[in-house]
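As structure tokens, the structure follows; a few thoughts come after it.
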Amino acid sequence: REVKDYLNYEHRVFNSEEFLKTRAVGDQPFYRKVLETYMFHSFLKARLSRKMDAFARLELSSQSEEDRLDLVNTLRRPTTKRMASKQSNPHYMVNRRMVISMPNLQDIKLPEGPTRNSSLRVIESSVAVKMLSKPISTFKIPEIRFPLMFQCVHSYYTDFYNHLSKAINTLSPDNSALLARYFYLRGLISLMQGRLLNALSDFQNLDKTDLRIFPTDLVRKIVETMPPSERLQADCKPELKRLISRVMEKQREVTKVDDHVKHFELPKTHMQLDDFVKRIQESGIVKDTDTIHRLFDALTVGHQKQIDPETFKDFYNYWKETEAEAQEVNLPPTVLQHLDKNECVYKLSCSVKTNYGVGKIALTQKRLFLLTEGGCPGYVQIAAFRDIEDIKNTTVAFLLLRIPTLRIKTLSKTEVFEANLKSECDLWYLIVKEMSAGKKMADDHKDPQYIQQALTNVLLMDAVVHALQSSKAIYAASKLSYFDRMKNEVPMMVPKTTSETLKHKINPSAGETFPQAVDVLLYTPGHLDPSERPGNAHPKLWCALNEGKVVVFDASTWSIQQHCFQMGRSKL
């Protein structure tokens, strides 16, 4: 199930190396082999095509509310709820990069189900005999004659064909499954003899007997390689003409769908803007094109408008390292009890001195708090983002030094918070301003997606500063201060009537590469059909986007329930 976290649907990319890093060291050779198999490749193609197969249905039916939120949340951070479950489950108390290895299945005792009649669980000899009593049909193939010269091989195929024809003629039409096997075999023999029309006729008979074994790819290849004279003969026979038309039409539909799968690789050459956008989207860091444009501007400050492979590598590696480190954050219960169950810690400062004590400043999507040090880590609230009134980046005198200090004034406290953040001060100043502006806009527009975007912006700022490591790094990072700039330059005023009426704004384009228009809206009320799962009783809002994609919202929580497959506009 974790494979989906390493897929990029737009460019059909699987980040196999990052997936392997999350497996236990001892299991990595096994998973590397699995990733090379044809079966896994087919599984990947089905996932990237959003195929609604048995796996997709199982995943959808067992999806939790947290999983639904993760459909649009690309910032992989554990929630406080997940941290608490780690502490209560010893299996989770393992480094994220050293995931617990697969258990020995023989050591696991499955829980006993309700007591049943033992005859249903123990196969007695009488039952086994009954199971094997189903009639078995045997077809004796002709003996191979030596030497394997042309005449002998030709004679062998002729005998084989005649044996199969005799078996088909003597078999009752009611035994369609066996008839289908004989037609299939005779079609293969005709193919080996070069009798393409006979082969097509036998495969066409599978329509009437057993369509499940119809060799679509083989028939398509026969049609494509058929000489014009034989193709003309086939078109004169209505049943073969229908068969050819159906197979080739199906192939045209398949070729319209790009089903290749790429494995993510770091770039080896300099990138212009378009190539950079594609690479960032493939990496799974950000999808939104406008955000990537701002990131490109940030990484090219003071340089030509192109990004070298080393800068991209430094940026990418830092992003992935902080992502992995976030999985290892383990807050004590005394701290978790102060946070909401869906809060995540997105950034921790170094240990700093503040007027609230010594500790690390932690950033979640809702607040800043101080993780105090000394003995058992404690919790001190600094500010909820919606309460922040003023933020200042200043310095304080200490002996002969001027120490960079961050000051945060809130509406609910008279005391101003001060932290001697030293070299981190400029970055945290940008981060807190962006989060505060994003929260204000989210509240004004009643759209929680603005907070998600603000978080993405501040984490990109962090990665840019660490990737560039230059005097222009902070200026470069400021290029990503989208909401803070919007607040100062173009305040987005919400009409009073809209503000009073609007309860919750949703964005069907969340997680897409660019905003899309909504062509159709369909609201389906909840129902209490006893045959349905309880979750299906929730009302739903179906949004058909202009590129043929359908997004379904659970209207009770306004979380995205699923992304439906692509469909043509005429079908929609």
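The values are calculated or read from the model by the stated rules, or taken from the named source; none is laboratory data. Only a predicted model underlies this, so the values are computations on that prediction, with no experimental measurement involved. Here Cβ is always computed from backbone atoms with ideal geometry, including for glycine, and neighbour counts include all displayed protein chains. Calculation scope for accessible area: heavy atoms of the full protein, side chains included, ligands and nucleic acids excluded. Shrake-Rupley method; radii C 1.70, N 1.55, O 1.52, S 1.80 Å.
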Would you check if PHE19 is of a type outside the set (Asp, Glu) and either farther than 21 Å from GLU282 by Cβ or open to solvent by 70 Å² or more (accessible area, probe 1.4 Å) (or both)?
no
Give LYS305, LYS313 a once-over and let me know the one that is in contact (Cβ under 8 Å) with a residue 24 or more places away in the chain, touching a helix residue (DSSP H, G or I) at 6+ places or on another chain (Cβ under 8 Å) and basic (Lys, Arg).
LYS305
Restricting attention to helices (runs of 4 or more DSSP H) lying wholly within the stretch 160-256, give those where 2 or more residues are basic (Lys, Arg).
176-193, 216-225, 238-256
Residue pairs qualifying under the 6 Å Cβ cut-off, at least six apart or on distinct chains, with the first in the stretch 32-59 being under 18 Å from ASN15 (Cβ atoms) and surrounded by 13 or more Cβ atoms within 10 Å (Cβ to Cβ) and the second being small (Gly, Ala, Ser) and modelled with pLDDT of 75 or more, are LEU35/SER16
For the stretch 504-524, the count of residues that are assigned to a loop (DSSP other than H, G, I, E, B) and either among the hydrophobic types (A, V, I, L, M, F, W, C) or in contact (Cβ under 8 Å) with a residue 12 or more places away in the chain (or both) equals 13
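Got a number for residues in the stretch 405-426 being among the basic types (Lys, Arg) and over 19 Å from GLU389 (Cβ atoms)? I'd like the intermediate steps shown before the answer.
Initial filter on the stretch 405-426 (among the basic types (Lys, Arg)): 407, 409, 413, 422.
Imposing the further condition that a residue be over 19 Å from GLU389 (Cβ atoms) reduces the set to 422.
Number of matching residues: 1.
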